[in-house]
Each structure stands twice: as structure tokens, then as C-alpha cells.
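Visitor: Got a structure for you, written out below as C-alpha cells; questions coming shortly.
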Amino acid sequence: MTGRDLLASSFGNLGRHPVRTALSAVGVTVGILTIVTMVSLGVGVQKEILEQFQGAGLETITVSPVTEERSAYTAFSEPKRTVLITPELVEEMGARDDVVKVIPRVYVPWGATVYLQLGEQEMSVR
């Protein structure tokens, strides 16, 4: 059997079962598209995660005060702080050689009213 005979036999068999041939072609096409989609999705997610880590500033450290553990009775309230971060502690952290900058942040629980006072003027912030 020559190569020409093999090709003729192959295409002849494809013509005998057109539905089977079409379904096989659709299955192969869907499989290829699925693989391409999954690979490109994986590459895109990997790129996005790397950008998030690079943009996060891994040199930034957040220091929080030590608090009590929450229990079933205090699940919805702020836990009590057992060690406070004082202005002296902030200055001590900023005096270290490996620290570039210290920025204190104050987190206020929702529902609390905060006032800002500049000289004689006082205004509600929240």
C-alpha cells in the first residue's frame, strides 16, 4: 500500500461517517481552545500577582499593639490593648539605623466621633 493509497483510504473513511468526523473535529477544537485559555489565564494571574507584590512595597512593615484574644463574648467588640504604642516607642523605632521613616496611623472604630482641633477651631472629622 503506497502513501497515495493511504491518503485515499483516510479521506474516504472520513466521508463515510460525516457526523463522527464533525464531532471529532469539534472535540479537538474545543480541547485546544481550553488548553490555550487555561495557559493564558495562568500566565495572566501570575503576572497580576507579581505586580501586586512588587507594588505592595515589601519594605513596609505595619506594627500593631498587642491585644487580648477575642472570645465568644467579645466577638463583635474591639479587643482590649495590653501593650500600647506610645510616642516614645514610635521615636525609638524611628531612631533605628535600618528604619527610613515611621508614619503613625490611628484607627478609630466605626460609630466613634472624631474631632480635629487646630488652634481655637474644632471640627468633626467623622
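Visitor: Looking at Gly44, Gly31, Gly27, Gly12, which is the one that is at pLDDT 80 or above, outside the structural domain of Met93 (by TED's automatic domain parsing) and surrounded by fewer than 10 Cβ atoms within 10 Å (Cβ to Cβ)? Walk me through it before giving the result.
Guide: Values: Gly44 fails: surrounded by fewer than 10 Cβ atoms within 10 Å (Cβ to Cβ); Gly31 fails: surrounded by fewer than 10 Cβ atoms within 10 Å (Cβ to Cβ); Gly27 fails: surrounded by fewer than 10 Cβ atoms within 10 Å (Cβ to Cβ).
None of the other options fit; the residue is Gly12.
Visitor: Among the residues of the range 6-59, which ones are over 17 Å from the mean Cα position of the chain (by Cα) and within 30 Å of Lys101 (Cβ to Cβ)?
Guide: Let us first name the residues in the range 6-59 that are over 17 Å from the mean Cα position of the chain (by Cα), namely 6-40, 59.
The one that is over 17 Å from the mean Cα position of the chain (by Cα) and within 30 Å of Lys101 (Cβ to Cβ): Glu59.
The values are calculated or read from the model by the stated rules, or taken from the named source; none is laboratory data. This one's a predicted model, so the numbers in the text were calculated from it and none came from an experiment. Neighbour counts run over all protein chains shown; Cβ positions are idealised from the backbone, glycine included.
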